[in-house]
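Working notes, beginning with the structure itself.
The values are calculated or read from the model by the stated rules, or taken from the named source; none is laboratory data. The shown structure was predicted, so the numbers you read here are calculated from the model rather than taken from an experiment. Backbone-built Cβ (ideal geometry, glycine too); neighbour counts: all protein chains shown. Accessible surface areas use protein heavy atoms only, side chains included; no ligands, DNA or RNA. Shrake-Rupley method; radii C 1.70, N 1.55, O 1.52, S 1.80 Å.
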Amino acid sequence: MDVEKGRRRSRGMSTLEKCLIFLFVAMTGTCIGLVAVYFTELADSSTHVEGPESGCGGPQELTGETGTFTSFNYPNSYDNGKSCSWHITVDPDKVIQLWFEEFALEDTQLCMSDFITLRDSLGTIGKYCGYTKPKPLVSLTNYLNVYFDTNDRKTDQGFKAHYKAVAPTLAPEIAGAGGFLQGDRGDLMTPSFPQQNYPSGALYQWKITVPEGERVRLTFTAFDLVPEVCGDFVQVYDGHMAGSSSFSKFCGRTMPKPVESSSNTMVVRFKSDNSLTSKGFRATYTKTSLPPVVTTTTTKPATTTSRPATTTPRPSTTTPRPSTTQTPPPPTSSANLPCMSLF
């Protein structure tokens, strides 16, 4: 009888062992499957590995006639704590048209969290965030730097941008104003001045060139920008090369005094924010050997400023706001209004 019990105990232990072996094999198979899935997903995401191609492991050099670049992980949300850059260079006789097909970044006041920065040889052209696509722009030279920085908080879908090498003569048509002015004398102004207000979120750039041996004199003949912390301003540069100094930013409604360059080139840059707009400005440039432009001072009528439609995070909806009427203060001083840089 003891032998029979031993045989039964032996058969019972054998069944238990089989169960344990089955569980071990099943768990091992499950672990192998999870590991395989992990490495498969890792391989699928290899196109988003940081490196020169992403712009986040070092600047990506873009040198073709046309090109496209996106934020890290696009069209999925970009990552926190990234600093990415793209350096665009085209043929020396061309300039760069840049536009955004998609644009969705964390929206903060003054763009202090996640933002795009555009820079050229003169410094910062613009800083952008939120859900409003920047307007198409044209560079002044054959190269342009694009920087994308994110903080450690909220993320969003990111952006998709395109660039194209274009002839300098196309700048006014693409951007709405600006361009390359040459000769002894000429005029520049915001679009449809003075019949219509300039648009919000605008960026216009003029490069002025007079004959060799001459200097550029710029005289404003009309000046009417929104007088609110210099969100809209005109900035004048003494030349177009890297290191060229900047004259003061001009904003508000006080007529700036004439400015003169130290060489035969000058750059004028106008930028407006995304809030109120006003009439704009008109100016005349001449070579300094010509007589100065004479301006007449008249009492300015009340100027109507308009507030553009605002956008909210995706899905975006546009809510028009009624225009507001502002009466400018009487001109009590010929000094330029103090300006606050937004960058």
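Measuring with a 1.4 Å probe in the full set of protein chains, what accessible area per residue, in whole Å², belongs to the range 139-258?
The answer is 41 Å² per residue.
Can you check what the net charge comes to around residue 185, using other residues whose Cβ is under 15 Å from the Cβ of residue 185 (Lys, Arg +1; Asp, Glu -1)?
0
Specify the inter-centroid distance of the range 185-230 and the range 81-120, based on alpha-carbon positions, in whole Å.
Answer, in whole Å: 24.
Can you send over the solvent-accessible area of residue 17, 1.4 Å probe, protein chains only, in Å² to the nearest 10?
Estimated to the nearest 10 Å², residue 17 gives 100 Å².
For the range 82-207, what % of the accessible area comes from carbon and sulfur atoms, probe 1.4 Å?
Taking all protein chains in place, the range 82-207 shows 46 percent carbon and sulfur surface.
If you keep only loop residues by DSSP, which chymotrypsin sites (Phe, Trp or Tyr not before Pro) in the range 132-199 have at most 12 other Cβ atoms within 10 Å of their Cβ?
Qualifying residues, ordered by number: none.
Keeping all protein chains in place and using 1.4 angstrom, which order do 269, 253 fall into by accessible surface area, from largest down?
Putting 269, 253 in descending order of accessible area: 253, 269.
Considering the range 195-280, what Rg and Dmax in Å follow from its alpha-carbon atoms?
13.4, 42
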